[in-house]
Every structure is written in C-alpha cells, then in structure tokens.
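Please treat every number below as a calculation from the coordinates, not as lab data. Quick caveat: nothing in here was measured; it's all calculated off a predicted structure. For neighbour counting, all protein chains shown are included, and Cβ atoms are generated from backbone atoms with ideal geometry for every residue, glycine included.
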Amino acid sequence: MVVIKHENIKLFDVQMDGTKGAFKANVIGKPEGWPDHTLRVFRIESGGFTPHHQHDWEHVNYVIKGRGRLRIGKELFDLKEKDFAFVPPNTEHQYVNTYDEDFEFICIVPNK
C-alpha cells in the first residue's frame with residue numbers, strides 16, 4: 001500500500017509549447033504498483049493554460065481546489081472544486097485558469 005500526502009507532492013514545470021503557468025507531478029503509477037494507469041496532479045496558476053491538444057487516450061479529472069475551464073472539442077466547461085470530467089480519446093482539449101486562484105486537479109491516464 002502506498003500513501004502520499006498532498007503536502008509532500010512535488011510539482012514540476014510542464015515543458016510543452018503552448019503552455020503557461022502549468023505544473024505537474026506523477027503521483028501514483030507503475031513505480032507505486034499501478035501498472036495500467038498513472039494518477040497525476042496538475043496545478044495551473046492564474047492566467048495559465050495547457051496546450052490545446054489531443055492524443056489517443058482518455059483521461060479522468062477530479063478538481064482538488066480552485067476553479068478553471070476545460071475546453072473539450074468546441075464545448076467549454078467551467079470546473080470547480082469537487083467536479084469531475086472525462087476527456088475522450090482523440091478529442092482536442094485544453095485547461096485554462098482565468099480566475100485569481102490556483103486551479104489544481106487530478107488527471108488519471110492509461111499507461112500506453
């Protein structure tokens with residue numbers, strides 16, 4: 001069994017073109033005994049965003065704190081603490097923080 005305290009998670013800059021003020025940590029995955037998926041934590045600062053992108057895998061999100069926006073295809077969704085979201089595979093998406101506080105969420109993806 002693995003227990004990881006939120007306050008001990010170390011986030012690192014997301015180094016991708018089209019990204020601003022985004023940080024990520026891989027929290028639980030293969031090294032912790034979950035061979036098929038990885039649970040990641042993202043934090044997006046006020047005014048920050050991830051690239052507008054797509055890939056061939058789905059992901060599941062859970063908002064830990066703050067508020068943000070998720071664009072899935074042509075739809076825009078407002079997210080807040082305790083909300084869930086599902087991004088289907090091969091669908092353009094982007095996370096944006098237009099609010100004055102950090103937007104932090106869990107993102108679970110399959111290991112491919």
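Points to keep in mind about this one:
- Against the conditions (1) part of a loop (DSSP other than H, G, I, E, B); (2) on the phi < 0 side of the Ramachandran plot; (3) among the polar types (S, T, N, Q), Ser46 satisfies every one except (1).
- Filter result (among the hydroxyl-bearing types (Ser, Thr, Tyr) and over 17 Å from His93 (Cα atoms)) within the range 1-54: Thr38, Ser46
- Conditions (1) surrounded by 15 or more Cβ atoms within 10 Å (Cβ to Cβ); (2) of a type in the set (A, V, I, L, M); (3) more than 25 Å from Lys112 (Cβ to Cβ); number of the one not met by Val3: (1)
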